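Working notes for the structure below.
The values are calculated or read from the model by the stated rules, or taken from the named source; none is laboratory data. A quick note: this is a predicted structure, and the numbers were derived from the prediction, not measured. We place every Cβ from the backbone using ideal geometry, glycine too, and count neighbours over all the protein chains shown.
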Amino acid sequence: MNEEQGIEPLAPEAIQTTEFEVRDIRFATDGDVSLAAARAFYRGGGPLLTVFLRHDSGSVPVYSWVFMIGSLIGLAIHLPLLDRAERRRKDILTGGTAPAWYGPA
């Protein structure tokens with residue numbers, strides 16, 4: 001309603017969510033899907049609306065598996081490069097001296 005009237009949501013004259021009343025809330029399930037229905041109206045006057053909601057949690061473990069596989073691939077790429085870099089610096093790490101530093105390139 002605020003957007004239709006061109007009013008900012010936080011403006012003093014904006015319609016607040018507390019000005020709506022929700023009644024007759026009902027919940028149900030259909031397998032793994034949660035369903036809800038309710039009747040709502042604006043306290044300042046207006047039509048009675050029936051609202052239906054559907055919630056499906058989806059495949060939450062998929063994101064965990066994708067992250068795990070991506071992390072393992074990143075580790076597999078990173079380890080050989082790290083080993084190669086440490087071999088180059090082996091003398092420094094075991095008591096040698098670092099090459100001269102001539103400032104940023």
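The set of residues in the stretch 1-60 that are in contact with a helix residue (DSSP H, G or I) (Cβ under 7 Å, 6 or more places away or on another chain) and among the hydroxyl-bearing types (Ser, Thr, Tyr) contains only Tyr42. Every test in (1) at pLDDT below 90; (2) out of contact with any Asp or Glu (no Cβ under 8 Å at 6 or more places or on another chain); (3) of a type in the set (S, T, N, Q) is passed by Ser71 save one, and that test is (1).
Just checking, which of Arg23, Arg39, Arg54, Arg84 is among the basic types (Lys, Arg) and part of a helix (DSSP H, G or I)?
None of the other options fit; the residue is Arg84.
Name the pairs whose Cβ atoms lie under 6 Å apart, with the first residue in the stretch 25-43 and without any contact (Cβ under 8 Å) to a residue 24 or more places away in the chain, the second surrounded by 14 or more Cβ atoms within 10 Å (Cβ to Cβ) and not aliphatic (A, V, I, L, M), and 6 or more positions between them or separate chains? Between residues of the stretch 25-43 that are without any contact (Cβ under 8 Å) to a residue 24 or more places away in the chain and residues that are surrounded by 14 or more Cβ atoms within 10 Å (Cβ to Cβ) and not aliphatic (A, V, I, L, M), the close pairs are Ala40/Phe20. Would you mind stating whether Ala28 is over 30 Å from Asn2 (Cα atoms), modelled with pLDDT of 90 or more and in contact with a strand residue (DSSP E or B) (Cβ under 7 Å, 6 or more places away or on another chain)? Considered against the rule, which asks whether it is over 30 Å from Asn2 (Cα atoms), modelled with pLDDT of 90 or more and in contact with a strand residue (DSSP E or B) (Cβ under 7 Å, 6 or more places away or on another chain), Ala28 comes out as yes. For the stretch 49-67, a residue qualifies if it is surrounded by 10 or more Cβ atoms within 10 Å (Cβ to Cβ) and either on the phi > 0 side of the Ramachandran plot or of a type in the set (A, V, I, L, M, F, W, C) (or both), and the qualifying residues are Leu49, Val51, Leu53, Trp65, Val66, Phe67.
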